[in-house]
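The values are calculated or read from the model by the stated rules, or taken from the named source; none is laboratory data. Note that the structure is predicted; figures quoted are calculated from it, not measured. FYI the Cβ positions are ideal-geometry reconstructions off the backbone, even for glycines, and counts take in every protein chain you see. The accessibility values were calculated without ligands, DNA or RNA, using every heavy atom of the protein model including side chains. Shrake-Rupley method; radii C 1.70, N 1.55, O 1.52, S 1.80 Å.
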Amino acid sequence: KINIELLAEDLGAEQKQAADQILELITESIKTSRSLTAELSPPMLYQQGLTAALKWLANWMQEKYMFTVHLQLAELGFNQEDHNVILYQSVRELLFNAVKHAQVNSARVNMFKDGGGYVRIMVDDSGVGFDPDRMWKDTEQGTGFGLCTIRQRLEYMGGRLEMESAPGRGSTFTLIAPFL
């Protein structure tokens, strides 16, 4: 961007217009990149933890998609940064799935520590639901990678993904991760 700005100073009127258009595209690309970075992994996730980041995500989903996320979040003191990132990104993916596929305008997120030493985050909606067996078959055919990725990441950290869904009955996803 700086090089284009410097170059534009020495150009004639005709070339300056083209340089200004390039500069505008670069500026917009930088803005979009920064916004996307914040959406994927907001700074507050690292500064204030998972609970604050999930609250931010709920507000962002409302502003961006008019999608209401009802939160019930226990303050866990769960500060394992790599786990927080995986859990945040997983909840984000599940909420986007609800926006895209569930045909509803809201979902619920409930986070708590169970008696077995695990953090559980339940994401559920009362949408159209789906057949989980078919979804895993679709993954083999090139779709459904978001859920597959969530499952793999949770298993890698010693957790798991549970899901309940049926056509016409909504969906409930439970992220289960060791509490460290």
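What figure in square angstrom, to the nearest 10, would you give for the accessible area of I121 with a 1.4 Å probe? Probe radius 1.4 Å; accessible area of I121 about 0 Å².
Over all projection directions, the Cα-based convex hull of the chain averages an area of 13.7 nm².
Per residue, the accessible area of region 39-83 comes to 58 Å², computed with a 1.4 Å probe over protein heavy atoms only.
Under the criterion of Cα pairs below 8 Å and six or more residues apart, the relative contact order for region 1-71 equals 17 percent. Among the GluC sites (Glu not before Pro) in region 54-131, those located in a DSSP loop and surrounded by at most 15 other Cβ atoms within 10 Å of their own Cβ are E75. Taken over region 1-97, the percentage of Cα pairs per 5 Å bin, counting from 0 up to the bin with the maximum distance, is 2, 12, 18, 16, 11, 8, 7, 8, 8, 6, 3, 1, 0. The fraction of accessible area contributed by carbon and sulfur in the chain is 49 percent, rounded to a whole number (1.4 Å probe; ligands and nucleic acids excluded). Working from label points 7 Å from Cα in the Cα-to-Cβ sense, the Q48 to A13 distance is 5.2 nm.
Taking the DSSP beta bridges with both ends in the chain, the antiparallel portion is around 75 percent.
Contact order for the chain, expressed relative to its length and based on alpha carbon pairs under 8 Å spaced 6+ residues apart, stands at 17 percent. Sorting 147-160, 97-110 by their mean Cβ neighbour count within 10 Å, with the most densely packed peptide first, gives 97-110, 147-160.
The Rg/Rh ratio of region 74-130, with Rg taken over Cα atoms and Rh as the Kirkwood radius over Cα pairs, comes to 1.03.
For the chain, the longest principal axis of the Cα atoms and the long axis of helix 145-156 meet at an angle of about 70 degrees.
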